[in-house]
Structure formats: structure tokens, C-alpha cells
Amino acid sequence: MKLHELADNPGAAKKQKRVARGPGSGKGKTAGRGIKGQKSRSGVAIGGYEGGQMPLYRRLPKRGFNKPNRLEFAVVNLGMIEKFIAAGKLDPKVEITEDALVAAGVTSNKRDGIRVLAKGEIKSKVNLTVTGASASAVEAVEKAGGKVTLLAPVAAAAE
């Protein structure tokens, strides 16, 4: 095989459409946008407009609402905690707090608190102090000989 025999698979590379590059290109002058009007201008998006027909977002029913003062928890699984203990980033002998979990990099931030879920396995005896934990997570930690202390959630700052 020689260099000049190398070729891409058919259909692997599609040629870019070069608009506004003269009349010979077939997409010159108005670049396929037609003449005048809102859609020929730059920076205009007529999103959701269906030519006067009732738009889809108004035809579909609206359900539920988003609670403005809801608490949002960072979720940490038991398997992740065990993984970080095995890697030496968390010390099972001292109490593992929410700040320790953030400092170790288990979660990037604690939001309104950290909630521990039971995905994965925990073999180390740990003392966890977190805002929330599922019943199965508490059971798994206690089965491994550890303890889970639950804190009251810190309400989001009033705006």
C-alpha cells in the first residue's frame, strides 16, 4: 500500500456546505435564506412558532410545579465511600462528616446536605455524620459495625 492509495471509507467524510461564496456555488448571494424578512436576518430564532397553528407547548397539558423552597441533596452511595476508603482518601477510624466527603472528592459540593444511599457494598466500620440516609444504607453501615448520625437539614438561605 502506498500513500496515494489511502482513502477514507465511502460516506465517512461529508463535504461542508460553503454558503455565500459566489453565484457558482449555488448558495451565493442570499446564502439560501431567501430575500428579506425576519428569517433572513442573523440572530433571529422563531422557536415554537407554527405559522399561527396552536403551538405544541400550548396544546399539551401542564402538570405539577417546582417547589421554590425545596431542599436539594448531594447523593453519595456506600460503594463510593468504600472505594475512597480503599484508595486512602477517607480514614474509617475518624468520624466521616459531610465536609470530609467534599474534601476527599466523593462529591463536588454538599448543597443542602448529603444523603447516603445503599448502592454498592460497605465493608469498613465507619461513623458517618450526614444530613440524610436511606433505611437500607443505615442498615448496611450498622451491619458492617458502623454508625450513622443524621443531622437536621440546613434550609436554603432565604432570598
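The values are calculated or read from the model by the stated rules, or taken from the named source; none is laboratory data. Note that the structure is predicted; figures quoted are calculated from it, not measured. Reconstructed Cβ throughout: ideal geometry from the backbone, glycine too, with neighbour counts over all protein chains shown.
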| message | I'm checking my understanding of the structure. Among residues of segment 74-92 that are part of a helix (DSSP H, G or I) and β-branched (V, I, T), which one is farthest from T129 (Cα to Cα)? | response | I85
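Hey, among the residues in segment 72-88 that are of a type outside the set (S, T, N, Q) and in contact with a Gly (Cβ under 7 Å, 6 or more places away or on another chain), which one's nearest to S136 (Cα to Cα)?
Applying the first criterion (of a type outside the set (S, T, N, Q)) to segment 72-88 yields 72-76, 78-88.
If we keep only those that are in contact with a Gly (Cβ under 7 Å, 6 or more places away or on another chain) as well, we get 73, 78-80, 82.
Values: F73: 18, L78: 10, G79: 13, M80: 16, E82: 16 Å.
Of everything passing the filter in segment 72-88, L78 is nearest to S136 (Cα to Cα).
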| Which one is nearest to the chain's Cα centre (by Cα), of the residues in segment 87-100 that are surrounded by 17 or more Cβ atoms within 10 Å (Cβ to Cβ) and of a type outside the set (S, T, Y)? | E98
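Look through F65, F84 and report the one residue that is hydrophobic (A, V, I, L, M, F, W, C), within 23 Å of the chain's Cα centre (by Cα) and over 25 Å from V116 (Cβ atoms).
Unique residue meeting the criteria: F65.
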| Verdict on P61 being modelled with pLDDT under 90 and either outside any strand (DSSP E or B) or not basic (K, R) (or both) | no
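Yes/no matrix, rows are residues, columns are (1) modelled with pLDDT under 90; (2) of a type in the set (V, I, T); (3) surrounded by fewer than 13 Cβ atoms within 10 Å (Cβ to Cβ):
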{"site": "F73", "(1), (2), (3)": "no, no, no"}
{"site": "V76", "(1), (2), (3)": "no, yes, no"}
{"site": "V102", "(1), (2), (3)": "no, yes, no"}
{"site": "K110", "(1), (2), (3)": "yes, no, no"}
{"site": "L117", "(1), (2), (3)": "no, no, no"}
{"site": "T131", "(1), (2), (3)": "no, yes, no"}
{"site": "A135", "(1), (2), (3)": "no, no, yes"}
{"site": "A140", "(1), (2), (3)": "no, no, no"}
{"site": "P153", "(1), (2), (3)": "yes, no, no"}
| field | Residue that is outside any helix (DSSP H, G or I), within 37 Å of the chain's Cα centre (by Cα), at positive phi and surrounded by fewer than 10 Cβ atoms within 10 Å (Cβ to Cβ), where the choices are G43, G47, G34 | value | G43
| query | Do the conditions hold for K39, that is, is it at pLDDT 90 or above and not small (G, A, S)? | reply | no
